[in-house]
Amino acid sequence: MPMQRNTTEDDITAEALQRFAGTQDPRLRQIMLGLIRHLHDFVKEVELTEAEWFQAIGILTEAGRMCSDKRQEFILFSDTLGVSMVVDLLSHRKPDGATESTVFGPFHRLGAPELPAGGNIAHLDKTGTPTLVGGRVLDLDGKPIAGALLDVWQAQSSGLYDSQDENLTDLHMRGKFRTDADGRYLIRTVLPVNYPIPSDGPVGRMLRATGRHPWRPAHIHFVVSADGYEPVTTHIFDRTDEYLDSDAVFAVKDSLICDFARNARAGGEAARLGIEPPYYTTEFDFRLKAAEQGSTVLDAQRRLAALGARAAE
Ligand SMILES: [Fe+2]
């Protein structure tokens with residue numbers, strides 16, 4: 001006797017849920033059942049047409065084709081849809097005084113050079129305003145953490161990351177810095193600028209079609225890690241930026257906003273490093289919480305690699 005065929009869209013949903021219900025791994029089962037339920041509900045709610053379905057396949061195909069070691073269109077989709085920040089908030093609720101995290105973004109590259117305190121990550125940038133970013137890495141009791149690693153990356157003053165700049169083949173605006181015995185770090189760079197996320201692909205078309213701008217407020221990226229502490233992936237933002245309230249990727253958190261002070265006279269660290277005024281300075285202390293299980297600087301680097309960042313070499 002022939003089995004009864006599905007006749008309605010709800011029959012198909014029920015059948016799909018049933019097929020996945022036998023998934024052995026409980027977490028995978030939860031994810032797949034949730035995905036089927038929401039995906040089917042979504043399609044039914046908007047009554048997706050065949051033409052729209054085909055367009056969606058085309059968009060995903062194009063996004064996949066655009067991905068390379070220098071371009072990650074899927075992270076851009078996740079970021080601009082707000083999904084990355086929802087995942088961030090679910091994973092990192094930090095009411096405990098630790099530095100808040102924010103999106104990893106698509107522009108990290110492995111292989112940044114280790115630089116001494118005051119090392120210049122912007123040595124090829126001829127148009128930016130010199131800037132010193134300094135501060136400490138502390139534990140939650142305010143005790144300095146010596147030997148913490150700060151993996152730093154930033155857009156050039158042109159608004160382009162090195163990987164987007166056709167004139168560059170080498171890494172630029174990237175460096176790794178270690179804290180000294182007092183937990184202090186010092187980074188020489190240029191003043192961060194706001195920049196539009198890459199909009200020459202399907203993410204850009206989505207933003208234009210929905211009346212959204214592609215701009216991100218000026219920021220510097222950090223992954224800060226130390227042996228025995230939970231690493232944090234975050235940015236610091238410039239308080240004066242016009243896009244703080246409309247970041248294209250929803251990544252701004254109040255606690256990460258900094259004041260960049262303009263200095264008209266030489267002095268202090270800037271003079272020692274041979275920086276001519278005017279230049280900017282800002283201070284930001286990172287606070288790390290102790291890891292529940294052993295966590296090391298190396299673990300943080302491995303985690304970055306697993307997130308899809310590829311070695312530059
Ligand atoms: Fe960025």
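Of note:
- D180 vs. criteria touching a residue at least 60 places away in the same chain (Cβ under 8 Å) and either away from the ligand (no atom under 15 Å from the Cβ) or polar (S, T, N, Q) (or both): yes
- The one condition from (1) within 23 Å of E73 (Cβ to Cβ); (2) open to solvent by 10 Å² or more (accessible area, probe 1.4 Å) that D180 does not meet is (1).
- Counted residues, segment 183-208 - those being in a strand (DSSP E or B) and among the aliphatic types (A, V, I, L, M): 3
- Identification of helices (runs of 4 or more DSSP H) wholly contained in segment 26-139 with 3 or more residues that are surrounded by fewer than 18 Cβ atoms within 10 Å (Cβ to Cβ) yields 26-46, 50-66, 83-91.
- Residue check, I145 closer than 26 Å to N263 by Cβ and either open to solvent by 10 Å² or more (accessible area, probe 1.4 Å) or touching a residue at least 40 places away in the same chain (Cβ under 8 Å) (or both): no
- Residues satisfying the stated conditions in segment 222-256, i.e. within 15 Å of the ligand (Cβ to nearest atom), open to solvent by 30 Å² or more (accessible area, probe 1.4 Å) and under 29 Å from A146 (Cβ atoms): T233
- Pair list, Cβ < 9 Å and 6+ apart or interchain, from segment 259-276 residues that are without any contact (Cβ under 8 Å) to a residue 24 or more places away in the chain to residues that are basic (K, R) and surrounded by 12 or more Cβ atoms within 10 Å (Cβ to Cβ): D259/R239
- Verdict on D151 being in contact with a helix residue (DSSP H, G or I) (Cβ under 9 Å, 6 or more places away or on another chain), within 16 Å of the ligand (Cβ to nearest atom) and open to solvent by less than 10 Å² (accessible area, probe 1.4 Å): yes
The values are calculated or read from the model by the stated rules, or taken from the named source; none is laboratory data. Quick caveat: nothing in here was measured; it's all calculated off a predicted structure. Every residue, glycine as well, gets a Cβ built from its backbone with ideal geometry; the counts of neighbours run over all protein chains shown. To get the accessible areas, we keep the full protein, side chains included, count just its heavy atoms, and leave off ligands, DNA and RNA. Shrake-Rupley method; radii C 1.70, N 1.55, O 1.52, S 1.80 Å.
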